[in-house]
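Below is one structure, written out as structure tokens, with a few remarks after it.
The values are calculated or read from the model by the stated rules, or taken from the named source; none is laboratory data. Because the structure is a prediction, the values reported are computed rather than measured. Glycine also receives a Cβ, built like all others from the backbone with ideal geometry; neighbour counts cover every protein chain displayed.
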Amino acid sequence: MAVKIALLGFGTVASGLPFLIKENTNKIEKAAGSKIEIAKVLVRNNAEKQGLEEKGYDYHFVTSIEEILEDSEIDIVVELMGRIEPAKSFIISALNAGKHVVTANKDLIALHGKEIRELAEQLHLAFYYEAAVAGGIPILRTLANSFTSDKITRVLGVLNGTSNFMMTKMVEEGWSYEEALNKAQALGYAESDPTNDVEGIDAAYKVAILSQFAFGMTLDFNDVKHQGISSITPEDVLIAQKLGYVIKLVGSLEETKSGIAAGVMPTFIPQDHPLASVSGVMNAVFVESIGIGESMFYGPGAGQKPTATSVMADIIRISRRLKDNTIGKAFNEFKVETKLADKKDISSLYYLAIETSDEKGQLLRLTKIFNDQDVSLRQVLQDKAKDGRARVVTITHAVSEKQLDDLTQKISEEEGFQLLNRFKVLGD
Ligand code: NDP
Ligand code: HSE
């Protein structure tokens, strides 16, 4: 008997599933223990249905979710529409109708995952979402299974393919922001509204999800601070290169003595760090742990086939569990009480770019502010002044987030100084 699946939405990712099912029929059937059949596909309306039929797709297209919920032969509902509603209601209805659920929807999992996971557990149904973090990289199942005996202390990730692709093209090939974004959209990397990609929100969703698997802690999305790539200027990129760094949007999760610290921020990465070479649509998750030590998981973070491959992995896993009568186990069983780090305990090196008038004594005044806040400087550089304005950039030694907040507050209160940017710097 085939395992029957229903797809909700037939966009970039969903339309990659038929390719895998066709190319790997035998392998999939062996791993899943059954044939996998796309029994129904929910599309928006009859016009979309007709368009897809004209393109040669001969699936049973439906325009009402009820046709799927009421079909007792459908075992697994695969939600690939994106956004919160109606995806959330459809998933909850599917679980209540006794169907297992697979999704790639990180927005939904980061914002409402707890409620959905609890419902699935209560109903002994599977709710899997490997594709939600880092597209084609099988990171969630690796953390849930292969790191069981290890203790993770820090996770750093280049987690958004769109912004990494854009930064790479802009820095290495001189593309404009718009050109890079348009191409990322055309290649199917970007979300339907790319704001989430460029503003660090999509990466923050992934950090929130990674926290469950790496630290067993469910974070409220608001506990993940985020800043995107739109604040990075060409001057920042040049300074980074001059000082031996590359700038990337990095998501981080770190254990401190009071709890975990989570965030997404443009980050200066030393050129010899493994994350520095993660370019284009590639993502990477760099894990520090007491057992393995340092490990990095690298691969395409977006795109049709890579993402569809992760979705298929979940479908196959559920099918196998159905066959073996082991269905109902949670995707991730590691759960501990969530504890957030105190700002005093979160420490990093920082890059600060400050504009001031090009006058004698300004640098001295600035260093005095740093000194008064007990922040010591590792590097200081001044750009050539333009129009009577000078740009001073500093890299600090390690400071706590509390010290950094106090320092930036003082700089903003002091007349004649304007803080242009503050990014993290990887290093000791
Ligand atoms: P697309 O926008 O390409 O596809 C979504 C499809 O669902 C569209 O065809 C959309 O139609 C349709 N849809 C939306 N709402 C409904 C509805 N109510 N009824 C029927 N159809 C509907 O998105 P992707 O395939 O790129 O992404 C799907 C999911 O996968 C998202 O959650 C995304 O975040 C996630 N993801 C995507 C990756 C990627 O590389 N693309 C990588 C990892 C995860 P319409 O166009 O009319 O809105
Ligand atoms: N828009 C996302 C990205 C898709 O660019 O990384 C993968 O989650």
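Against the condition under 30 Å from Ile21 (Cβ atoms) and at pLDDT below 95, how does Ala330 come out, does it pass? Against the criterion (under 30 Å from Ile21 (Cβ atoms) and at pLDDT below 95), Ala330 qualifies. Residue count for segment 1-29 satisfying the condition of being surrounded by 12 or more Cβ atoms within 10 Å (Cβ to Cβ) and either outside any loop (DSSP other than H, G, I, E, B) or acidic (Asp, Glu) (or both): 17. Screening Ser319, Ser310 for residues that are away from ligand 2 (no atom under 16 Å from the Cβ), buried (at least 21 other Cβ atoms within 10 Å of the Cβ), under 25 Å from Glu79 (Cβ atoms) and among the hydroxyl-bearing types (Ser, Thr, Tyr) leaves exactly one candidate, Ser319.
Here's the yes/no breakdown for (1) in contact with a helix residue (DSSP H, G or I) (Cβ under 6 Å, 6 or more places away or on another chain); (2) among the hydrophobic types (A, V, I, L, M, F, W, C); (3) buried (at least 22 other Cβ atoms within 10 Å of the Cβ):
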{"site": "Glu37", "(1), (2), (3)": "no, no, no"}
{"site": "Lys49", "(1), (2), (3)": "no, no, no"}
{"site": "Ile65", "(1), (2), (3)": "yes, yes, no"}
{"site": "Leu80", "(1), (2), (3)": "yes, yes, yes"}
{"site": "Ser93", "(1), (2), (3)": "yes, no, no"}
{"site": "Val102", "(1), (2), (3)": "yes, yes, yes"}
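Can you name the residue in segment 390-421 that is among the small types (Gly, Ala, Ser) and assigned to a strand (DSSP E or B) and, of all such residues, is farthest from Leu377 (Cα to Cα)? Here the residue is Ala390.
Look at segment 292-307: where a residue is free of Cβ contacts under 8 Å to residues at least 12 places away in the same chain and a partner is among the small types (Gly, Ala, Ser), sitting 6+ places away or on another chain with Cβ atoms under 9 Å, you get Ser295/Ser289. Just one of the listed residues (Val393, Val380) is within 22 Å of Ser231 (Cα to Cα), surrounded by fewer than 16 Cβ atoms within 10 Å (Cβ to Cβ) and not small (Gly, Ala, Ser), and it is Val380.
Against the definition (in contact with a strand residue (DSSP E or B) (Cβ under 7 Å, 6 or more places away or on another chain), under 15 Å from Thr307 (Cα atoms) and within 16 Å of ligand 1 (Cβ to nearest atom)), how does Ile137 come out, yes or no? So Ile137 fits the description; yes. Against the numbered list (1) more than 11 Å from ligand 1 (Cβ to nearest atom); (2) over 25 Å from Thr233 (Cβ atoms), Gly188 comes up short only at (1).
Regarding Ile84, is this residue touching a helix residue (DSSP H, G or I) at 6+ places or on another chain (Cβ under 8 Å), of a type in the set (Val, Ile, Thr) and surrounded by 18 or more Cβ atoms within 10 Å (Cβ to Cβ)? Criteria not met by Ile84.
A residue that is in contact (Cβ under 8 Å) with a residue 60 or more places away in the chain, within 16 Å of ligand 1 (Cβ to nearest atom) and in a loop (DSSP other than H, G, I, E, B) cannot be found anywhere in segment 266-274.
With the requirement that a residue be of a type in the set (Val, Ile, Thr) and either touching a Cys at 6+ places or on another chain (Cβ under 7 Å) or outside any strand (DSSP E or B) (or both), what does segment 237-265 give you?
Quick first cut of segment 237-265, residues of a type in the set (Val, Ile, Thr) only: 237, 239, 246-247, 250, 256, 260, 264.
Correct list: Val237, Ile239, Thr256.
Lys248 falls short on exactly one of the conditions (1) under 30 Å from Arg422 (Cβ atoms); (2) surrounded by fewer than 19 Cβ atoms within 10 Å (Cβ to Cβ); (3) of a type in the set (Lys, Arg), and that condition is (2).
State yes or no: is Thr195 over 18 Å from Tyr298 (Cα atoms), of a type in the set (S, T, N, Q) and modelled with pLDDT of 95 or more?
Working: over 18 Å from Tyr298 (Cα atoms): yes; of a type in the set (S, T, N, Q): yes; modelled with pLDDT of 95 or more: yes.
Spelling it out, Thr195 is indeed over 18 Å from Tyr298 (Cα atoms), of a type in the set (S, T, N, Q) and modelled with pLDDT of 95 or more.
Of Asn164, Asn160, all but one fail to be under 30 Å from Ser258 (Cα atoms), surrounded by 19 or more Cβ atoms within 10 Å (Cβ to Cβ), at pLDDT 95 or above and within 16 Å of ligand 2 (Cβ to nearest atom); the exception is Asn160.
Within segment 140-152, being more than 16 Å from ligand 1 (Cβ to nearest atom) and charged (D, E, K, R) holds for Asp150, Lys151.
In segment 275-299, which residues are in a loop (DSSP other than H, G, I, E, B) and of a type outside the set (Val, Ile, Thr)?
Taking segment 275-299 first, the residues in a loop (DSSP other than H, G, I, E, B) are 278-281, 290-292.
Answer for segment 275-299, where residues must be in a loop (DSSP other than H, G, I, E, B) and of a type outside the set (Val, Ile, Thr): Ser279, Gly280, Gly291.
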